[in-house]
Amino acid sequence: MSTGPIKQFPDFSAGTGGDTGQTNAASILPFANGEKVEATVLNRTPENLRQRTEVLRGVEEDSLYARDADRSGMALFGPALISWNGGAIATTIAVLSNGAVLPQGTINVVSTAAFPAGPSTITVVTSSGPQTVSYVSKNATQFLTCTGGVGTMSTGGAVTNPLTGFLTLSDNLYLVPFLTPGFPQTLPTPPVASVYGTLTLLRAGALSGITVTSNRRSYAGGDKISVVVISGGSLSAVVGADGRTISLTVVLGVTTLSSIITALNALTADTPAVQLVIASLASGAAGGDFIHTVAQAKQFITGNYDGEGHTITPAALSSFFATGTNYLAEGDSLCIRYAAMREDPAGASPLGGRRESIPENANTTIPVGGFFNSRVSPQYLVNALPVAKVLSDRIVFINGATLPSGASLVDISAVFDTATNLKLGRVQLTYAAGTPTTPKVAPQDANGTISNAATGAAASGLSGTGGAGGTGVLGTGGTGNSTGVSGVGQGTSAGVAGTTAGTGSGVTGSGPTAGVAGTGTTNGAGVTGTGAGTGNGVTGTGGTGAAAKGGSFAAGAGSNGAGVSGTGDGTGAGGSFTGGTTGAAVLASGFQQMPEVVDPTAPAAANARFYFRSNGVVGAGHRTQLCVRWPVTTANPTGLVTVIAESDVT
């Protein structure tokens, strides 16, 4: 496997034999006439060719790993909710501001078209790095009345809107290959695992005798470990110069499994020395069993696998985007860089390669410097891992999830595009659903009617709260004799009920037929309204025709019920009616009936109160009096009561 920075070509000039890496005969330093016939000269050309094959082997090993790990793509998932504020709004410094030192009152750029009119802020990259600059207004190519920032501007320097072009996370995201052995782990560790491979040595009878397990990760050559069983006069286990080839000499059919296990477990390799393999009895075998009676051919460890995992944290991503040049504009990709499949163990950080990024090494978190923008740093694209790309102002992730500009706190592991009237998609609830995991949307029937049945006690099937000056529930009837809002009450409940605050109306309706229609059942009211403050419980406005009514109420047929029933509270009226300019406040067809009441208090000035009362006699001599009570005056400080008429004696 190649180590060190990965290039897009096999680099033959990095060897120690003097190979120039060119595609000609001279590059491998062939023998020249007159040179001494000695080891240094004779080994020079073959050594250059050998080192070229080692380079090719490293490239091929990297390619094989990428083939096996990535051919089904990478999975992006996690508990994170993601927000995307849209592709970066960006321009560059124009020639007129080249060499100007911030702060400057006017900053000249190629175009300000996509930027806010102002006042607003921009991020300007100068010789001192990204600078925050405030501006009051703009024209087509200038930001005007600017303040803030330091450093020298130069032509082509980036100018961006600092509020666009970056992602934010609420929690971690994980990036793992689809092709992993699989292993359950608890987050925040990515749910992948590296696996140590095995091979099996046979005992007498050609049965499984010893399981030999690699004690090396795949990236460290664990799958290159091999064992060959050779017939000899005594037991010995030897590791070859490559540190991976094991030669096991045994007395066929005589050497016991337990003694072989001891010999294998004593083998070490590398510096510092580490146990190479772990040998144990296979299922059904016993330590006193003998090794197989025939030699066993060379076997390689199989099943070794590097379960790479990559953790994207909110803090690291936020720090990356804090640098003004890292914003994502149209066509840009957010990527993770890895300089090598396996970092040279002799290096300062021997676990920095892509294959070495595994949960078992506790190194899966991507540092701030591990992210890059494909436009800003294309040199890192070799061996990089993609995360997301900006296309048409949307952010498209490698798992296929797509977020539009302005998306907030979206779970991309279960995301759809925004729903429209032409396609299925996602919608966002404006409040927490009663059951967040299974929110429901009321369906339409074949006629386009939406019905919703409440399930809780005293719950409303439909409830609406208006904003300032707005209506809680607004209904408009069709073109025929249609009702804007219609309700049917059950039991003692109202078909339509409204509660107001301030001076608004609990229920308001207007229409060519009925603005609001309600049908009560049993003892229920068709329409009820509850006012608050000086507000009306129910307000009705009739049409413009001569026979139009602001409110029309009828008792149910055969119910002996009242068409209109009103109950006041405190000083409030049970019913309030105001006539038109030349119209009556109340127009009645039929008799009016009122019970006897006690004398009311005196009304306010310029008012009178009309009522029936008892003459105060109980039994024989009782009479019902029709009275008017007048306001308080100086002459009558209690408010005069005038008896208009009196019934005969009972």
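The lone criterion from (1) within 27 Å of A340 (Cα to Cα); (2) over 17 Å from the mean Cα position of the chain (by Cα) left unmet by L391 is number (1). Number of residues in segment 340-359 that are surrounded by 16 or more Cβ atoms within 10 Å (Cβ to Cβ) and touching a residue at least 24 places away in the same chain (Cβ under 8 Å) equals 11.
Among the residues examined, N108 does not qualify as modelled with pLDDT of 95 or more and either surrounded by fewer than 17 Cβ atoms within 10 Å (Cβ to Cβ) or not assigned by TED's automatic domain parsing to the domain that holds L144 (or both).
Just one residue in the set N43, N98, N33 is out of contact with any Asp or Glu (no Cβ under 6 Å at 6 or more places or on another chain), assigned by TED's automatic domain parsing to the domain that holds I122 and of a type outside the set (F, W, Y); that residue is N98. Residue count for segment 321-335 satisfying the condition of being more than 11 Å from T168 (Cα to Cα), part of a helix (DSSP H, G or I) and not small (G, A, S): 2. The residues of segment 361-395 that are assigned to a strand (DSSP E or B) and surrounded by fewer than 16 Cβ atoms within 10 Å (Cβ to Cβ) amount to a single one, L391.
Residue-wise test of (1) in a strand (DSSP E or B); (2) over 56 Å from the mean Cα position of the chain (by Cα); (3) crowded, with 17+ Cβ neighbours inside 10 Å.
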| residue | (1), (2), (3) |
| --- | --- |
| E35 | no, yes, no |
| R44 | no, yes, yes |
| R52 | no, no, yes |
| L56 | no, no, no |
| A66 | no, no, no |
| A69 | no, no, yes |
| A80 | no, no, yes |
| A88 | no, no, yes |
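In the set A193, A206, only one residue is over 30 Å from S120 (Cα atoms), modelled with pLDDT under 90 and of a type in the set (A, V, I, L, M); that residue is A193. Looking at segment 212-246, which of its residues are assigned to a strand (DSSP E or B) and more than 55 Å from the chain's Cα centre (by Cα)? Hits for segment 212-246 are V229, I230, S231, S236, A237, V238.
Screening the candidates P30, P10 for the property of being at pLDDT 90 or above and either touching a helix residue (DSSP H, G or I) at 6+ places or on another chain (Cβ under 9 Å) or in a strand (DSSP E or B) (or both) yields one hit, P30.
Applying the criterion of being among the β-branched types (V, I, T) and assigned to a strand (DSSP E or B) to the residues of segment 247-274, the residue that is surrounded by the fewest Cβ atoms within 10 Å (Cβ to Cβ) is V274.
On the stretch given as segment 639-649, residues that are loosely packed, with under 12 Cβ neighbours inside 10 Å and modelled with pLDDT of 90 or more total 3.
The values are calculated or read from the model by the stated rules, or taken from the named source; none is laboratory data. Since we're looking at a predicted model, the values are computed, not measured. Backbone-built Cβ (ideal geometry, glycine too); neighbour counts: all protein chains shown.
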